[in-house]
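K.L.:
One structure, as C-alpha cells, below. Some questions next.
Quick note: the coordinates plus some simple rules give every number you see, no bench work behind them. All of these numbers come straight from a predicted model, not from anything done at the bench. Neighbour counts run over all protein chains shown; Cβ positions are idealised from the backbone, glycine included.
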Amino acid sequence: MKERDSISILGIRVDNVSEAEAEEMIDFFIRSGLPHQVVTVNPEFIMAARYDMEFAAILNAASLALPDGVGIVWASRFLGRPLRERVAGVDCVWRWARLAAERGYRLFLLGAAAEVAEEAASRLKELYPRLEIAGTFAGSPALEDEEGIVDLIRQAEPYLLFVAYGAPQQDRWIHRNLIRLGVPVAMGVGGAFDFISGRAKRAPRWMQRVGLEWLCRLFWEPWRWRRMLALPQFVWLVIREGRKYGGQN
C-alpha cells in the first residue's frame, strides 16, 4: 500500500482518501488478518475530542480516519489542505457489504435498537445475496456486558464488524476490545443501521451534494439540535486557526 496521506483538523487526523481508496484499504486490512479500527470523523467528533483526550487519542490512533461530514471537507479547504471528497460511514457500510459479498468476507452487525441490526442485515442480504452475515446483536456498550459480547463475536469469526452504539461509546468499545475480538476490521457506524433498515430517512442526494444533509436530519430528528450547537463552534475554531496559520478567508 502507498503511504497514507493525512491532514490535521484542530488536532485530529483525517485521511485524504476517496471511497474507492478506502475500500481498497479495507480489503488490504482484511487480507492482512491483523486488527484495524476505522473511525468516521465529523465536526461533532472533533469538538467532542477537544474536551475528551481519550477520545482524541482513539481517533488519532485509528488505522483509517474517514472524512465523514461536509464540514470536514470545508474545513480542509479553508485551511489550504483540501480533502478530495467526503466519505460517509453509511455509504461505506453499503459499499463494504458489496465487497464482502464478492470476496466471501463475513459481517457482524452490533448495536442499535432491538431488531434494527437484523432488519439492516436482511436489507443487505436482499441487495447482495452472496453476503454472509456472521451474526447480529443489539447488546450494549456497558462494561458488564462486554465479556459476553466479545465471546459471541469471537465465536462468529467475522471479518468485518460494524458497531452502532453511537459516538464516542462505539469507538471506545472497539478500542478496548479490538485485540481480543479477532476481527480484522471494526468500525463505529452510528445510525447507519437505521438508514439501511429503512427506519430512518436519508436526505435526498441533492441535499447531500450541497452539504445540507445535517438540516434534513435536524428536521426529521429535532432532538439533535443540542448536538448541532457544536457546528458553529467548529466553524469559528477553523476560521481562527486558518487566520493564525495563513489559511484562506
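K.L.:
Given the structure, is GLU115 surrounded by fewer than 20 Cβ atoms within 10 Å (Cβ to Cβ), farther than 22 Å from ARG199 by Cα and within 22 Å of the chain's Cα centre (by Cα)? Show your work before the answer.
P.N.:
Numbers: surrounded by fewer than 20 Cβ atoms within 10 Å (Cβ to Cβ): yes; farther than 22 Å from ARG199 by Cα: no; within 22 Å of the chain's Cα centre (by Cα): yes.
Taking the combined requirement at face value, the residue does not satisfy it.
K.L.:
What are the pairs, 6+ residues apart or on separate chains, where a residue within the range 10-25 that is touching a residue at least 12 places away in the same chain (Cβ under 8 Å) and more than 23 Å from ALA48 (Cα to Cα) has its Cβ under 8 Å from a residue that is among the β-branched types (Val, Ile, Thr) and in a helix (DSSP H, G or I)?
P.N.:
none
K.L.:
Restricted to the range 72-84, and to residues that are in a loop (DSSP other than H, G, I, E, B) and touching a helix residue (DSSP H, G or I) at 6+ places or on another chain (Cβ under 7 Å), which residue is surrounded by the fewest Cβ atoms within 10 Å (Cβ to Cβ)? Show your work before the answer.
P.N.:
Taking the range 72-84 as the starting set, the residues that turn out to be in a loop (DSSP other than H, G, I, E, B) are 79-84.
Imposing the further condition that a residue be touching a helix residue (DSSP H, G or I) at 6+ places or on another chain (Cβ under 7 Å) reduces the set to 79, 82-83.
Values: LEU79: 20, PRO82: 15, LEU83: 22.
Within the range 72-84, the match that is surrounded by the fewest Cβ atoms within 10 Å (Cβ to Cβ) is PRO82.
K.L.:
Could you count how many residues in the range 36-53 are touching a strand residue (DSSP E or B) at 6+ places or on another chain (Cβ under 9 Å) and small (Gly, Ala, Ser)?
P.N.:
Of the residues in the range 36-53, 1 are touching a strand residue (DSSP E or B) at 6+ places or on another chain (Cβ under 9 Å) and small (Gly, Ala, Ser).
Here is a yes/no grid of residues against (1) touching a residue at least 24 places away in the same chain (Cβ under 8 Å); (2) part of a loop (DSSP other than H, G, I, E, B); (3) surrounded by fewer than 17 Cβ atoms within 10 Å (Cβ to Cβ); (4) not charged (D, E, K, R):
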| site | (1), (2), (3), (4) |
| --- | --- |
| ARG98 | yes, no, yes, no |
| GLY139 | yes, yes, no, yes |
| ILE153 | yes, no, no, yes |
| VAL163 | yes, no, no, yes |
| ARG172 | yes, no, no, no |
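K.L.:
Step by step: first the residues of the range 7-58, then only those that are part of a helix (DSSP H, G or I) and basic (Lys, Arg), then the one that is surrounded by the fewest Cβ atoms within 10 Å (Cβ to Cβ). Which residue is that? First the steps, then the outcome.
P.N.:
Pass one, the range 7-58, residues part of a helix (DSSP H, G or I): 19-32, 43-50, 53-58.
Still in the list and also basic (Lys, Arg): 31, 50.
Numbers: ARG31: 12, ARG50: 16.
This residue is ARG31.
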